[in-house]
Amino acid sequence: MANLNTLEKIRSQSGPVKVHHAMMQTGNMAIAALQKPMKNLKEYAMKYKGSCHCGEIAFTAEGELTQALACNCSICSRKGTLLWFIPVTQFNLLTPRDKITVYTFNKQVIKHQFCKVCGVQPFAEGVDNKGNTMIAVNIRCLEDIDPLAIPSHLYDGKSL
Ligand SMILES: [Zn+2]
């Protein structure tokens with residue numbers, strides 16, 4: 001009888017442990033399943049067309065546009081840009097650079113670029129903390145999207 005009781009005890013103790021282990025495995029599988037399509041996303045990444053108002057600046061921007069930044073720094077607040085950061089490799093300028101004016105201020109790290117003809121700024125160029133050149137696309141200049149439907153987050157550029 002004592003042996004049976006001990007067996008029962010072991011069973012009841014190992015039970016939850018087994019369940020927990022199984023859940024961990026299921027969890028890992030779920031994560032793996034989530035990672036798989038993420039890996040493939042780049043292949044199916046959306047390509048967006050963008051331009052200034054007059055069309056002297058035109059470009060394509062590739063990637064997953066899921067969020068934008070509304071920056072409160074002195075220049076962004078004046079322009080009202082909504083920015084989407086992508087690596088320069090996902091950006092393709094379709095027009096010559098001669099209609100682009102580059103404006104820098106403060107630490108001169110971000111090259112704000114705007115059209116000499118219509119004055120619209122469709123993108124800016126900068127370098128991230130890993131040294132990669134990044135393009136800040138002004139999503140208000142992209143075609144076929146509703147910029148206000150893209151979730152935007154406040155970026156406190158004013159405090160930098
Ligand atoms: Zn223009």
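The values are calculated or read from the model by the stated rules, or taken from the named source; none is laboratory data. What you are looking at is a predicted structure, and each value in this text was computed from that prediction instead of being measured. Don't worry about glycine lacking a Cβ; one is built from the backbone with ideal geometry, like all the others, and counts go over all protein chains shown.
Among the residues making up the stretch 134-151, those that are away from the ligand (no atom under 16 Å from the Cβ) and loosely packed, with under 13 Cβ neighbours inside 10 Å are Asp144, Asp146, Leu148, Ala149, Pro151.
Here Tyr155 qualifies as touching a residue at least 60 places away in the same chain (Cβ under 8 Å) and among the aromatic types (Phe, Trp, Tyr). The condition (being hydroxyl-bearing (Ser, Thr, Tyr), assigned to a loop (DSSP other than H, G, I, E, B), away from the ligand (no atom under 16 Å from the Cβ) and closer than 20 Å to Tyr48 by Cβ) is satisfied by just one residue among Thr66, Thr95, Thr89: Thr66. Part of a helix (DSSP H, G or I) and in the same structural domain as Pro147 (by TED's automatic domain parsing): does that describe Ile75? For Ile75, the condition - part of a helix (DSSP H, G or I) and in the same structural domain as Pro147 (by TED's automatic domain parsing) - is met. Scanning the stretch 107-133 for residues that are within 16 Å of Cys71 (Cα to Cα), part of a strand (DSSP E or B) and either within 16 Å of the ligand (Cβ to nearest atom) or modelled with pLDDT of 95 or more (or both) yields His112, Phe123, Ala124. From the list Phe114, Phe123, which residue is out of contact with any helix residue (DSSP H, G or I) (no Cβ under 8 Å at 6 or more places or on another chain), among the aromatic types (Phe, Trp, Tyr) and surrounded by 18 or more Cβ atoms within 10 Å (Cβ to Cβ)? Sole residue among the options that is out of contact with any helix residue (DSSP H, G or I) (no Cβ under 8 Å at 6 or more places or on another chain), among the aromatic types (Phe, Trp, Tyr) and surrounded by 18 or more Cβ atoms within 10 Å (Cβ to Cβ): Phe114.
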